[in-house]
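*Asks:* Have a look at the structure that comes next, please.
The values are calculated or read from the model by the stated rules, or taken from the named source; none is laboratory data. Please read these numbers as outputs of a predicted model, since none were measured by experiment. Cβ coordinates were reconstructed from backbone atoms using ideal geometry, including for glycine residues, and neighbour counts include every protein chain displayed.
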Amino acid sequence: MRNHMALPKASTHKGYILYSLLKGKHLRNKGLFHDIDTCFSGSRISELRGDGWDISDKYMHMTTRENKEVRVKEYFIKPSQILSYKEFESVIRFIELCDKIYQKSA
């Protein structure tokens, strides 16, 4: 883990994605399209990685409504890594701020 991870503004797509990952959620691009209305969630994940966040991913095989087999990527932060991040006061404050912002939509 890097000593410094850049935190995004909480009320942005990038902030929402990081918040969700730090809460232990597993995210997919299509889900984020519906949750926060963005076609660029993959770019935000890449930016977060560039900012120092250790975001893991795995490919999954799924069947669409049209009965097509597709391969999608799911993004997550490993639980042990989340615990390490929560040792930083700045990360705790970020999560608390996001709790206030996003509890309305939860």
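*Asks:* Looking at segment 37-57 only, could you name the residues that are modelled with pLDDT under 75 and surrounded by 17 or more Cβ atoms within 10 Å (Cβ to Cβ)?
*Replies:* Initially, segment 37-57 is screened for residues modelled with pLDDT under 75, giving 37-41.
Listed by number, the residues that qualify are Thr38, Ser41.
*Asks:* Which of the residues belonging to segment 51-106 are among the acidic types (Asp, Glu) and out of contact with any strand residue (DSSP E or B) (no Cβ under 7 Å at 6 or more places or on another chain)? Working first, answer last.
*Replies:* Step one: list which residues in segment 51-106 are among the acidic types (Asp, Glu), which gives 51, 54, 57, 66, 69, 74, 87, 89, 96, 99.
Asp51, Asp54, Glu66, Glu87, Glu89, Glu96, Asp99, listed by residue number.
*Asks:* Which of the residues spanning segment 4-35 are at pLDDT below 85 and under 17 Å from Phe94 (Cβ atoms)?
*Replies:* Going residue by residue through segment 4-35, those that are at pLDDT below 85 are 4, 28-35.
Result: His4, single match.
*Asks:* Sort out which residues of segment 58-80 are out of contact with any Ser or Thr (no Cβ under 8 Å at 6 or more places or on another chain), surrounded by 12 or more Cβ atoms within 10 Å (Cβ to Cβ) and of a type outside the set (A, V, I, L, M, F, W, C), and write them in order of number.
*Replies:* Lys73, Glu74
*Asks:* How many residues does segment 58-106 contain that are assigned to a strand (DSSP E or B) and at pLDDT 95 or above?
*Replies:* Here is the first cut: in segment 58-106, the ones assigned to a strand (DSSP E or B) are 58-63, 69-76.
Next, only the ones that are at pLDDT 95 or above stay: 76.
Residues meeting the conditions: 1.
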